[in-house]
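The structure appears right after this line, and notes come after that.
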Amino acid sequence: MKRFGFYLCTIFFFQLVTFGQGAEVTTLSGVVIDDFGAVIPTAKIIAETLEKKRFEVSTDQEGVYTIDLEAGIYTISVIYPPFLPLVIKDYQIASYVKKMTLDLSLICRNCNREHLYSSKKSTQKKENKSKNTGKRPR
């Protein structure tokens, strides 16, 4: 009978210790780029569990995101118009890993790459042209 009481106390103690630790969290981070390798700032990353629990973050100005997730299976989505949405199903976050990296690449749909990536260059060209010829650009 004393052994039973000892085992019961031991099990109760370990349950308290385990319960006090809370759920293990893994940090998922990465960079969102386009198909030419340019970073995409302010893209929305959504991680959704099978139970429909959602976690959302946005990339910073360097295209970097960081999100803390509990262990489980997720659908990872990236949204940034005019790029095609990217959806990765059944992405597993392991409980025994503290940090994971997932770099993501989006494909442009019906977008004018000259407008997206060269707006600064074209402005600079117009300024240089007006300085060289002495005429204002039209």
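Would you be able to say whether some residue in the stretch 52-66 is under 16 Å from Ala23 (Cα atoms) and either in contact (Cβ under 8 Å) with a residue 12 or more places away in the chain or outside any strand (DSSP E or B) (or both)?
Yes: one or more hits.
Could you check the stretch 66-85 and list, in sequence order, the residues that are of a type in the set (A, V, I, L, M, F, W, C), under 21 Å from Ile107 (Cβ atoms) and open to solvent by 50 Å² or more (accessible area, probe 1.4 Å)?
Of everything in the stretch 66-85, those that are of a type in the set (A, V, I, L, M, F, W, C), under 21 Å from Ile107 (Cβ atoms) and open to solvent by 50 Å² or more (accessible area, probe 1.4 Å) turn out to be Ile79, Leu84.
The values are calculated or read from the model by the stated rules, or taken from the named source; none is laboratory data. These numbers come from a predicted model, not from an experiment. Don't worry about glycine lacking a Cβ; one is built from the backbone with ideal geometry, like all the others, and counts go over all protein chains shown. Ligands, DNA and RNA are excluded from the accessible area calculation, which covers all protein heavy atoms including side chains. Shrake-Rupley method; radii C 1.70, N 1.55, O 1.52, S 1.80 Å.
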